[in-house]
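The values are calculated or read from the model by the stated rules, or taken from the named source; none is laboratory data. All of these numbers come straight from a predicted model, not from anything done at the bench. Here the Cβ positions follow ideal geometry from the backbone for every residue, glycine too, while neighbour counts run over all protein chains shown. The area values use the complete protein model at the heavy-atom level, side chains included, leaving out ligands, DNA and RNA. Shrake-Rupley method; radii C 1.70, N 1.55, O 1.52, S 1.80 Å.
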Amino acid sequence: GGGGGGSSSTAPSPPAVKSSYKNSKKAATDVYEAPTGAVARDSGMDTFGAYGGAYDNAAATTTNPQQQQQQQQEKRGGGGLFGGGFGFGAFGSSSGGGVGGGGDKSLAQQRKELEKREGDIARRERELAAREAAMRANGGSGGQQVNNWPFKFWAIAYHNIDAEIPSQHQRAVRMCYYSYLCLVLALFMNLCAVTGAFFVDGRVVSWLVAIIYFLAGVPGAYFIWYRRLYMAAKNDSGLKFGWFFLMYLGHLAFMVYACISPPSGAGDQWSLAGMMVLKSALNKDKVLGAFYAIAFCLFALDAVLSVVSMRLVWTSFRAGGHNASTVGAQMGAQATGGAAGRSALRSVV
């Protein structure tokens, strides 16, 4: 009897077992039906239809603001992990890639601009250092420029291409300087040849015209087109470049005329050692013909140098950011303003 009483006191009754089973099942159901926001998000339920939206709403009440912002970004991205198949999400968002690519291109462009600016700054520093060195080389001039051209004992201007002309214009200016020197030498040899014709054949008019060519051409070419180019390149002035082109076209026309030297009715057909006079000079005297041949070769060489110089100056002009139409408008405005000023001065006088 005692053993039976002990067994009945320790074993649970069937109703108690059934009640305990119901409570355990209800607890499991409650746990399943109310998952936390983290569980719903990690399980991927927030990415599938209405169920995901329900769990997103439940998770929004339990997550912090940072997690809510992340969830909203995922929704705008197109649906979490598998949404990338439509161009969004984890498998390569087309919009995200575009933004990233644009950012890379922008950074690359900014890097190129910075490198270009650094190159310009370095170039200007070198030019400034060269100018300072040239000023120090002037000795006791107190840092001021001392005239050094054409000769030290008889100087009328300061001429230093390396110190005063920016590097991008130096080649063009130097080529034009060679063209000018060739012109001076050609006019001098032409004067010598025509002087010989004066003594051999009595060509007085041609000799006087040759003297005029030399005395007017040497300083005229320097001040009319070479000095104008020098100052235009020094100051990078588009307007001065425009006036140089206009004047240099006149120089080119003269060089073509000098190389041909057509006969004229003024009696000065021997004043230029051109192609049409060279044969007559050779027939008249061999030595005289040799002088005319040398002068003709110098005229032809200067014509070639002039064409090359024009090409180089034009390239340098465009590389400096200048535009022909803009410069032409500026030249027209300057000419109109000068004419208006002269008219006003005449009316006052």
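Structural remarks
- The range 297-326, subset touching a Cys at 6+ places or on another chain (Cβ under 7 Å) and not acidic (D, E), residue farthest from L208 (Cα to Cα): V313
- Subset of the range 203-258 that is touching a residue at least 24 places away in the same chain (Cβ under 8 Å) and of a type in the set (S, T, Y) - its residue that is farthest from L272 (Cα to Cα): Y230
- Comparison of D236, D201, D162 shows that the only residue that is surrounded by fewer than 16 Cβ atoms within 10 Å (Cβ to Cβ), closer than 28 Å to A129 by Cβ and of a type in the set (D, E) is D162.
Results for (1) at pLDDT 95 or above; (2) surrounded by 16 or more Cβ atoms within 10 Å (Cβ to Cβ); (3) at positive phi; (4) assigned to a helix (DSSP H, G or I), shown as yes or no for each residue.
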| site | (1), (2), (3), (4) |
| --- | --- |
| G217 | yes, yes, no, yes |
| G220 | yes, no, no, yes |
| Y226 | yes, yes, no, yes |
| K240 | no, yes, no, yes |
| L246 | no, no, no, yes |
| H251 | yes, yes, no, yes |
| A266 | no, no, no, no |
| Q269 | no, yes, no, no |
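- Residues that are in contact with a helix residue (DSSP H, G or I) (Cβ under 7 Å, 6 or more places away or on another chain) and outside any helix (DSSP H, G or I) were ranked within the range 253-264; the one that is most open to solvent (accessible area, probe 1.4 Å) is P263.
- Every residue from the range 320-337 that is more than 25 Å from A172 (Cβ to Cβ) and either modelled with pLDDT of 80 or more or hydroxyl-bearing (S, T, Y) (or both): A333, T336
- Residue in the range 299-313 that is open to solvent by less than 70 Å² (accessible area, probe 1.4 Å), over 27 Å from G202 (Cβ atoms) and in contact with a Lys or Arg (Cβ under 9 Å, 6 or more places away or on another chain) present: yes
- Count - residues of the range 147-164 that are of a type in the set (A, V, I, L, M, F, W, C) and over 15 Å from R227 (Cβ atoms): 4
- Residue match in the range 271-281 (condition: within 28 Å of V173 (Cβ to Cβ), of a type outside the set (A, V, I, L, M), surrounded by 19 or more Cβ atoms within 10 Å (Cβ to Cβ) and modelled with pLDDT of 90 or more): no
- The residue of the range 291-329 that is nearest to C176 (Cα to Cα), among those that are within 16 Å of the chain's Cα centre (by Cα) and of a type in the set (F, W, Y), is W314.
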